[in-house]
1. Which one is modelled with the lowest pLDDT, of the residues in the stretch 218-232 that are out of contact with any helix residue (DSSP H, G or I) (no Cβ under 9 Å at 6 or more places or on another chain) and closer than 14 Å to L245 by Cβ?
2. Can you name the residue in the stretch 30-47 that is outside any helix (DSSP H, G or I) and open to solvent by 10 Å² or more (accessible area, probe 1.4 Å) and is also nearest to A129 (Cα to Cα) among such residues?
3. Can you tell me how many residues within the stretch 2-29 are on the phi < 0 side of the Ramachandran plot, of a type outside the set (K, R), touching a residue at least 60 places away in the same chain (Cβ under 8 Å) and in a loop (DSSP other than H, G, I, E, B)?
4. For the stretch 231-250, does any single residue satisfy the condition of being out of contact with any Cys (no Cβ under 7 Å at 6 or more places or on another chain) and of a type in the set (V, I, T)?
5. Do the conditions hold for L56, that is, is it hydrophobic (A, V, I, L, M, F, W, C) and over 17 Å from A136 (Cα atoms)?
Amino acid sequence: MSTTTSLCALFVSFESNLKDQLRDLHLPSDSAKVEQIISTFFSDIFENSSEYRQSLTESEDLLLLSVLQILKAQQNIVSEISKSIKPVVSLNKSYKHNSSTEANGYTPIIATGAGALVGGLFGTWAAIAGSIAGCALSIYYASTKAQKNVKTIGHQISNNELLDVDTYVEIIKKICENIDGVIATYRVQLQKVKNTYERRNEPSFLEAYGALAEQIANVCTVAKAENTNVPNKLAQAIEMLEDSLENYDLSIVNGSITNTK
């Protein structure tokens, strides 16, 4: 995929602006706003008239849709899993906080957000545009949550924390790179099939239409044998048919059509 129309390149070109919009936002209280910002950006990119969509063939367009639908399905799966998360009780007695609040504090990041809302209002492409934002938030939460568990055992964990913009944007960039990779792989494989097909020798007329060639030879041979009984116009048509074989380097020899080369 060319650098001017790749999804990652387009995202990077607006990266600074997106970071400015995401700064000073907190999770999970601002999770819907985070998703809305990213969803709106990708909704514009996925418009039918956008530079990116215009750079794709019809088959690549369908491939993109399939990839984004997989992301959306993944987001839905994680959402269902998050609903079933049970509170974790620490073995450290000094770790005093509301465990149910800690366990469910980030659930809105995955279970709710702008992705589902946008999809319900605008349709297929808008719906899956939100899947990138939601998927990125899921990955962000999983990575930062693991780090907090290591660093803050035995201490109070805040339920609302400042979004690490650089980390979140980097995750989205990686998702874009992976989508570009899928389409690039498809293009390479398609080119390989095309090259293989072009290297094949085209079948000759006799190989492709052997039965037809045999019948043409029979008609011409019988017409010559019954020359006096064949109407003049039909005889002329048969003669033209026989002459036309020369256009394909063919001729009738001993009642069979053969190559003259």
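1. T221
2. My answer is E47.
3. The number of residues fulfilling the criteria is 4.
4. No, every residue in the stretch 231-250 fails to be out of contact with any Cys (no Cβ under 7 Å at 6 or more places or on another chain) and of a type in the set (V, I, T).
5. Here the answer is yes, as L56 does meet what is asked.
The values are calculated or read from the model by the stated rules, or taken from the named source; none is laboratory data. The structure displayed is predicted, hence computed values, not measured ones. Ideal geometry is used to build each Cβ from the backbone, glycine not excepted, and the neighbour counts take in all protein chains shown. Only protein heavy atoms, including side chains, enter the accessible area calculation; ligands, DNA and RNA are left aside. Shrake-Rupley method; radii C 1.70, N 1.55, O 1.52, S 1.80 Å.
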